[in-house]
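Enquirer: Could you have a look at this structure, given as structure tokens, before my questions?
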Amino acid sequence: MLSETNPDPFPTPPARFNMAAHVLHRADDLGDKVALAVLTMGRADRWSFARLKAAVQGTATGFLQAGLEPGDRVLLRLGNSVDYPIAYLGAITAGLVAIPTSPQLTAREVEGIIALTAPKLILRASDVACPPTDILMLDLDRVQAMQSLLPAPFHFADPERPGYIVFTSGTSGTPRAVVHAHRAILARQMMMQDWYDLRQEDRLCHAGAFNWTYTMGTGLMDPWTMGATALIPGAATEIAQLPLLLKRHDASIFAAAPGVFRKVLGLGIPLDLPKLRHGLTAGEKLSETLHEGWRAATGTALYEAFGMSECSTFISSAPSRPASPVSLGFAQKGRRIAILGPTGPVPLGEEGTIAIHRSDPGLMLGYLGDETATAERMQGDWFLTGDQATMDATGAITFLGRRDDMMNAGGFRVSPMEVEAALIDHPGITQIAVTDIEVKQDARVIMAFYTGPAEIDAKSLENFARTRLAGYKCPRAFYFVQDLPTGSNGKLLRRALRPIYESLS
């Protein structure tokens, strides 16, 4: 038998569709039910479904009054606040293409994004970096004021039209703009049973910031689509406060990167969470040690999922189908997935590349401005993820590693080439290579190795990196070496950097 799933075809989306309308389709019926609570150690800021929908549609009115038309792009340079998802959904409501970006990005990084995406409007908080530009820009006060405007109708049109653009680090070293259609939201329905076990009465707490794509999907869009309540810790929340907030606000599901669960366990305090049913993890492989530690401390299980910016999360374990500790989980119901070799799906048990069928509604439309890169990821009817795995007779998928050298820093996938390209301009560096290294169990960080005339002060290198890269992309340490490891063809061997680290540490 071959390593391939063959589910029934996805239902055809409506001929006229709007992603934001789908997310908020229960708002009128639920009215005063709490859709979102922003958690603090004081009083939580609560948003009912009615208030949320009104703010989203009012924001859409503001965009239209600013002269924007369906298809125009809106760049979000906002911080960790509820204004972020409201602006995001407001843009999509009006038929605009939302471009959410991390506030950690530097002005230099945003300059490249602007050049590629050509937005008609930028929403910017004063403390978020953005280069000088002639593009129309609205500050946070104006963005918040739009929430009180009369509601604009949802713009219904072709479900295949672009709805939003997210950026991902590519193996080329340059972040790629991933264009998603409105119909991408439909793919998330498979997660609700086959990962979350999400119910309308749930109160799902996501530990991430409002502007992280993991938070936006799992923490906000999906609970709202289901009619459940989303709980998001406020921007100033510390890890030590999370257990009390989870208990105080009756969280039934807790979602975070594995590192957050690790830090909560590291507090060494009793975890009394009587309403918690289970936890959700994504962004990096969940270790058996962490899972068992969480189960022992809380009496609840963790369920992990695998996905990527180019497609929604599509492999997962769930309460209804738990996976073994070594497995990622199973293809969600309705997902057509294969483990591919050079000629197609490989036999069960053999290694290959995880691939998703082009019919998946969660699959991207393509990389903006890069048709070649889009075509390179397609093999016939399959989109290649670049991640290696095997599938067994039960359908369980075991992750074996990355085909490329992509790094994982706290749940964020980062291209080493992007980091190297940003740092090679330092006048004291002649060559540089970066990789992520496991410095202790379940903790991976980015390390840099460089050559040059002489060793450079580490603080100087750190400061240089932070002017050119978002914080999560910056190396945590720099090592001066005489030579970088290369193969017989002169190609850099990033996997050979770990022994160098071990010899220097």
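Enquirer: List the helices (runs of 4 or more DSSP H) that sit entirely inside segment 402-505 and contain at least 1 residues that are over 25 Å from residue 130 (Cβ atoms), among the aliphatic types (A, V, I, L, M) and in contact (Cβ under 8 Å) with a residue 12 or more places away in the chain.
Expert: The qualifying helices (runs of 4 or more DSSP H) are 458-466, 497-504.
Enquirer: Do you know which residues across segment 325-339 are farther than 27 Å from residue 290 by Cβ, open to solvent by 10 Å² or more (accessible area, probe 1.4 Å) and either among the acidic types (Asp, Glu) or modelled with pLDDT of 95 or more (or both)?
Expert: Matches in segment 325-339: 336 only.
Enquirer: May I pose another question? Only residues that are open to solvent by 30 Å² or more (accessible area, probe 1.4 Å) and acidic (Asp, Glu): list them for segment 192-227, please.
Expert: 197, 201 - these are the residues of segment 192-227 that are open to solvent by 30 Å² or more (accessible area, probe 1.4 Å) and acidic (Asp, Glu).
Enquirer: Under 6 Å by Cβ, and 6 or more places apart or on different chains, what pairs join a residue from segment 84-104 that is touching a residue at least 24 places away in the same chain (Cβ under 8 Å) with one that is assigned to a loop (DSSP other than H, G, I, E, B) and β-branched (Val, Ile, Thr)?
Expert: Short answer, once both residue conditions are applied: 103/128.
Enquirer: What number goes with the only condition from (1) within 28 Å of residue 179 (Cβ to Cβ); (2) assigned to a loop (DSSP other than H, G, I, E, B) that residue 271 does not pass?
Expert: (1)
Enquirer: Restricting the search to segment 429-467, which residues are aliphatic (A, V, I, L, M), open to solvent by 30 Å² or more (accessible area, probe 1.4 Å) and under 28 Å from the mean Cα position of the chain (by Cα)?
Expert: Hits for segment 429-467 are 439, 445.
Enquirer: Residue by residue through segment 217-236, note down the ones that are at pLDDT 95 or above and closer than 24 Å to residue 77 by Cβ.
Expert: Selection gives 217, 218, 219, 220, 221, 224, 230, 232, 233.
Enquirer: Take segment 241-261 and flag every residue that is under 24 Å from the mean Cα position of the chain (by Cα) and over 21 Å from residue 307 (Cα atoms).
Expert: Residues satisfying the conditions are 241, 242, 243, 245, 246, 251, 252.
Enquirer: So if I check each of 470, 421, which one is among the aliphatic types (A, V, I, L, M), surrounded by 15 or more Cβ atoms within 10 Å (Cβ to Cβ), on the phi < 0 side of the Ramachandran plot and in contact with a Gly (Cβ under 8 Å, 6 or more places away or on another chain)?
Expert: 421 is the lone residue from the list that is among the aliphatic types (A, V, I, L, M), surrounded by 15 or more Cβ atoms within 10 Å (Cβ to Cβ), on the phi < 0 side of the Ramachandran plot and in contact with a Gly (Cβ under 8 Å, 6 or more places away or on another chain).
Enquirer: What strands (runs of 3 or more DSSP E) lie completely within segment 2-119 and have 2 or more residues being among the aliphatic types (A, V, I, L, M) and open to solvent by 10 Å² or more (accessible area, probe 1.4 Å)?
Expert: Those strands (runs of 3 or more DSSP E) span 34-39.
Enquirer: Condition check: closer than 30 Å to residue 278 by Cα, in contact (Cβ under 8 Å) with a residue 24 or more places away in the chain, within 22 Å of the chain's Cα centre (by Cα) and open to solvent by 30 Å² or more (accessible area, probe 1.4 Å). Does residue 359 satisfy that?
Expert: No: the conditions fail for residue 359.
Enquirer: If you don't mind, there's one more thing I want to ask. Does residue 395 meet the test of being in contact (Cβ under 8 Å) with a residue 12 or more places away in the chain, part of a loop (DSSP other than H, G, I, E, B) and under 29 Å from residue 437 (Cα atoms)?
Expert: no
Enquirer: Name every residue in segment 311-322 that is at pLDDT 95 or above and either in contact with a Gly (Cβ under 7 Å, 6 or more places away or on another chain) or within 29 Å of residue 176 (Cα to Cα) (or both), in order of residue number.
Expert: Of everything in segment 311-322, those that are at pLDDT 95 or above and either in contact with a Gly (Cβ under 7 Å, 6 or more places away or on another chain) or within 29 Å of residue 176 (Cα to Cα) (or both) turn out to be 314, 315, 316, 317.
Enquirer: Could you tell me which residue of segment 274-292 is farthest from residue 193 (Cα to Cα), considering only residues that are at pLDDT 95 or above and open to solvent by 20 Å² or more (accessible area, probe 1.4 Å)?
Expert: 274
Enquirer: What is the number of the single condition among (1) open to solvent by 40 Å² or more (accessible area, probe 1.4 Å); (2) part of a strand (DSSP E or B) that residue 127 does not meet?
Expert: (2)
The values are calculated or read from the model by the stated rules, or taken from the named source; none is laboratory data. Computed from a prediction, not measured in an experiment: that's the story for all the values here. Positions of Cβ are backbone-derived with ideal geometry, glycine not excepted, and every protein chain shown enters the neighbour counts. For the accessible areas, the whole protein counts, side chains as well, though only heavy atoms, and no ligand, DNA or RNA atoms are used. Shrake-Rupley method; radii C 1.70, N 1.55, O 1.52, S 1.80 Å.
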